[in-house]
Amino acid sequence: MRTRERLLDDIRRSRGGLPCLVVIKTNDRIVNSSLDRSTGGAVRLGSFTPEPLLPPGLNAEFHVHRLSERPPSPAR
């Protein structure tokens, strides 16, 4: 299991299954599809990019996700 998935699972456990919002800070060169694949079933609500002040790749982006209880794993 990847580190980010473990982190999201820890958040789920600490919340006792209650949904919450998670904000992930990245740089402005992140590929959104790679971020979506790594958020462990969280629903992407949107992104916010402050006005860039630095060269490309050094500016911040914030990605907001709704984290709810992890869906059950498929039966083997």
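The values are calculated or read from the model by the stated rules, or taken from the named source; none is laboratory data. Here the structure is a predicted model, which means the values were calculated and not measured. Every residue, glycine as well, gets a Cβ built from its backbone with ideal geometry; the counts of neighbours run over all protein chains shown.
A few comments on the model shown:
- Among the residues of region 1-33, those that are modelled with pLDDT under 80 and exposed (fewer than 10 other Cβ atoms within 10 Å of the Cβ) comprise Met1, Thr3, Gly17, Val31, Ser33.
- Any hit, region 36-48, residues being modelled with pLDDT under 90, surrounded by 13 or more Cβ atoms within 10 Å (Cβ to Cβ), of a type in the set (Lys, Arg) and touching a His at 6+ places or on another chain (Cβ under 7 Å): yes
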